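*Asks:* My structure is below; once you've seen it, I'll send some questions.
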Amino acid sequence: MNHIKLIKTEQDHDQALSRLMALMDLDPKPDTAAGDELDVLALLIEKYEQEVFPMDVPDPIEAIKFRMDQQGLIKKDLIPYFGSASKVTEVLNGTRNLSINMIRKLSEGLGISADILIKEPCQKKAVSADINWQAFPLAEMRLRGYFEGFTGSLRELKEYSAEKVTSFLSSVKNGFDLEPAMLRTSAHLRSNDKETNDYALWAWQVRVLQKAKEEQLKTNYAVGTVDLKWMRKLAEMSWSKQGPILAKEYLNSHGIHLIIEPHLPKTYLDGAVCLSPTGNPVVALTLRHDKLDNFWFSLMHELAHIALHVDGTETWFLDNLDAEGGDEIEQQADALAQESLMPNDKWDIDKILEASDVRALAKVLSISPCIAAGRIRYELSEHSMFGKLFREKIRHCFV
């Protein structure tokens, strides 16, 4: 067997081709030295030519026009694949992109390979994914700016939902891993008997990760930072009118994201906690109930998960705090949250009868009186107690 080397130059390529032609003239038998040399040379030549002379992928529109010529089709014949005569004209003129639905119909009906029709990487992923794209709350997602740069109509969004949602899900690391089928095994979900829209929940989680990705923290989280003492120090900030903003700064300074993202329809979320791809905890609150006491309890509940439960075995903790009780994990988080805001040894509901009692207790604990009043209303199921007092709102802090 002649000495064989990698083909790196045009001269190497010419020499290899000459040797290949000579071997082919000899017509060597398989499993002989000459036969093996022929096979190896053919592979090396093919590899070199693929790298130096790559074949252009056919243009999708030219492929469609070629098939039309082959089968004698006119524009009218393409309406079933595109949806209308105007769309046929726009696609063939290059002013409208092919949608995933069009690609599938053309591939099945005209036998054009989907690989030829697909131009964008996100389309390739969307075609292979078994996802009900219309199940996402597209109108609400569009309204809130989930699809960056998209200014089209809702009708157009629905037509290109597969592409737009795929791009949205791909904007964060492992965004597709939060697919509803996986969600049930990789997240701890506290919910009530209401039917949750898994696709809306999936979109909300990705949006939270998007915002965390955009938020630059000056330090990384040190495991063990969040404990009862740390949480009590945070709770004292509630006394200030700027308490919620101070809380965000406090969390950020310890390597914890605090993301405010309103819940999507049929998710019934108050808060969640997860780890970002960089390992920093992400606390997300929806402010579903526009009340200061709800903000502080939801925040402490999620921080309690960080202190007690976030160890990498659960991807997410998702909480509807209107759901009564919860499992042992949720009860532990509730207990630590309550203890951080109002220690049990300082809490005696029978001694808190008037607004002045609320203020006195709040002063002793250095917390907002809204927190004390909120707990009393909750435990007694008397939501009208204290009238209009101690009902500060929260959303305006994060506009």
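Each reported figure results from applying straightforward, stated rules to the coordinates on display, with no laboratory input. All values reported here derive from a predicted model rather than from experimental measurement. So basically every Cβ, Gly included, is an ideal-geometry build from the backbone, and we count neighbours across all protein chains shown.
*Asks:* Given springs between every Cα pair under 10 Å in a Gaussian network model of the chain, which of Leu275, Leu38, Leu73 has the largest fluctuation?
*Replies:* Leu38
*Asks:* According to the square roots a ≥ b ≥ c of the eigenvalues of the Cα gyration tensor, what is the shape class of the range 345-398, taking rounded for a/c under 1.5, prolate for a/b larger than b/c otherwise, and oblate for the remainder?
*Replies:* Oblate, since a/c reaches 1.5 and b/c is not below a/b.
*Asks:* Give me the extension gain from Asp345 to Val364: residue separation times 0.36 nm, minus the current Cα-Cα distance, reported in nm with one decimal.
*Replies:* 5.6 nm
*Asks:* Turning to a different aspect of this structure: With unit charges on the beta carbons (Lys and Arg positive, Asp and Glu negative) and the dipole taken about the Cα centre of the range 11-73, which residue among Gly72, Tyr48, Pro28 sits farthest to the positive side?
*Replies:* Gly72
*Asks:* Does the range 60-119 come out rounded, prolate or oblate, given a ≥ b ≥ c as the square roots of the eigenvalues of its C-alpha gyration tensor, rounded meaning a/c under 1.5 and, failing that, prolate meaning a/b above b/c?
*Replies:* Cα axes put the range 60-119 in the rounded bin.
*Asks:* Can I ask one more? Would you mind getting me the FRET efficiency between Ser153 and Ser86? Use the beta-carbon distance for r and R0 = 22 Å, nearest 0.05.
*Replies:* The value I calculate is 0.90.
*Asks:* Please tell me the relative contact order of the range 1-110 in percent, rounded to the nearest whole number, where contacts are Cα pairs under 8 Å and at least six residues apart.
*Replies:* Relative contact order comes out at 19 percent.
*Asks:* Need one number: nm distance between label points at Asp290 and Asp115, each 7 Å from Cα along Cα→Cβ, rounded to one decimal.
*Replies:* So the label points at Asp290 and Asp115 sit 5.5 nm apart.
*Asks:* While we're on this one: Net charge near Lys213: determine it from the other residues with C-beta under 15 Å of the C-beta of Lys213, scoring Lys and Arg +1 and Asp and Glu -1.
*Replies:* After counting each charged neighbour, the total is -1.
*Asks:* For the range 135-182, count all C-alpha to C-alpha pairs, find those more than 14 Å apart, and express that count as a whole percent of the total.
*Replies:* Tail of P(r) above 14 Å: 49 percent of Cα pairs.
*Asks:* Karplus couplings for the range 317-333 from phi (6.51 cos²θ - 1.76 cosθ + 1.60, θ = phi - 60°), rounded to Hz, Gly and Pro as x?
*Replies:* Values, residue by residue: 10, 10, 10, 9, 7, 6, 6, 5, x, x, 7, 4, 4, 5, 5, 5, 5 Hz.
*Asks:* Now a separate question. Between Val399 and Asp227, what length in nm is gained on full extension when 0.36 nm per residue of separation is reduced by their alpha carbon distance?
*Replies:* Net length gain for the segment: 59.0 nm.
*Asks:* So between Asp357 and Gln50, what do we pick up on full extension, going 0.36 nm a residue minus the alpha carbon distance?
*Replies:* Contour length minus the Cα-Cα distance gives 102.4 nm.
*Asks:* Remind me, relative contact order of the chain in percent, using alpha carbon pairs under 8 angstrom and six or more residues apart?
*Replies:* 12
*Asks:* Using the Cα centre of the range 345-398 as the reference point, and only Cβ charges (+1 on K/R, -1 on D/E), how large is the resulting charge dipole? Debye, rounded to the nearest 20.
*Replies:* 360
*Asks:* With a 10 Å radius around each residue's Cβ, average the other Cβ atoms per peptide and rank 256-262, 320-326, 85-91, 280-286, highest first.
*Replies:* My ranking of the peptides, most packed first, is 280-286, 256-262, 85-91, 320-326.
*Asks:* Further, regarding this structure: Counting Lys +1, Arg +1, Asp -1, Glu -1, what net charge surrounds Pro30 among other residues with beta carbon under 13 Å of its beta carbon?
*Replies:* Local net charge: -4.
*Asks:* Beta carbons within 10 angstrom, averaged per residue: use that to sort the peptides 19-27, 206-214, highest first.
*Replies:* 206-214, 19-27
*Asks:* Once you have a ≥ b ≥ c as the square roots of the Cα gyration tensor eigenvalues for the range 36-195, tell me rounded if a/c is under 1.5, and otherwise prolate or oblate according to whether a/b is larger than b/c.
*Replies:* Taking the square roots of the gyration eigenvalues as a ≥ b ≥ c, the range 36-195 is oblate.
*Asks:* Suppose only helical runs count, i.e. DSSP H with n ≥ 4. What mean residue ellipticity at 222 nm does that imply for the chain under -39500 (n - 2.57) per run, divided by all residues and rounded to the nearest 500 deg cm²/dmol?
*Replies:* -15500 deg cm²/dmol
*Asks:* Provide the percentage of antiparallel DSSP beta bridges, counting only those with both residues in the range 254-399; round to the nearest 5.
*Replies:* Counting DSSP beta bridges with both partners in the range 254-399, the antiparallel share is about 70 percent.
*Asks:* Helix 355-365 against the longest principal axis of the chain: what's the angle in degrees, Cα atoms only, rounded to the nearest 10?
*Replies:* Approximately 60 degrees, to the nearest ten.
*Asks:* Grab the beta carbon distance between Glu328 and Tyr378, set R0 = 22 Å, and tell me the FRET efficiency rounded to 0.05.
*Replies:* It comes to 0.60.
*Asks:* Got a sec to turn the phi values of the range 199-214 into Karplus ³J(HN,Hα) couplings, 6.51 cos²θ - 1.76 cosθ + 1.60 with θ = phi - 60°, whole Hz, x for Gly and Pro?
*Replies:* For the range 199-214, the Karplus-derived couplings read 5, 5, 5, 4, 4, 5, 4, 5, 4, 4, 5, 4, 5, 5, 5, 7 Hz, x marking Gly and Pro.
*Asks:* Below 13 angstrom from the Cβ of Ile79, what's the summed charge of the other residues (Lys, Arg +1; Asp, Glu -1)?
*Replies:* With Lys, Arg at +1 and Asp, Glu at -1, the neighbours total +2.
*Asks:* Please list 3J(HN,Hα) in residue order for the range 279-286, calculated via the Karplus relation 6.51 cos²θ - 1.76 cosθ + 1.60 where θ = phi - 60°; whole Hz, with x for glycine and proline.
*Replies:* Per residue, the Karplus-derived 3J(HN,Hα) values read x, 7, x, 10, 9, 10, 10, 9 Hz.
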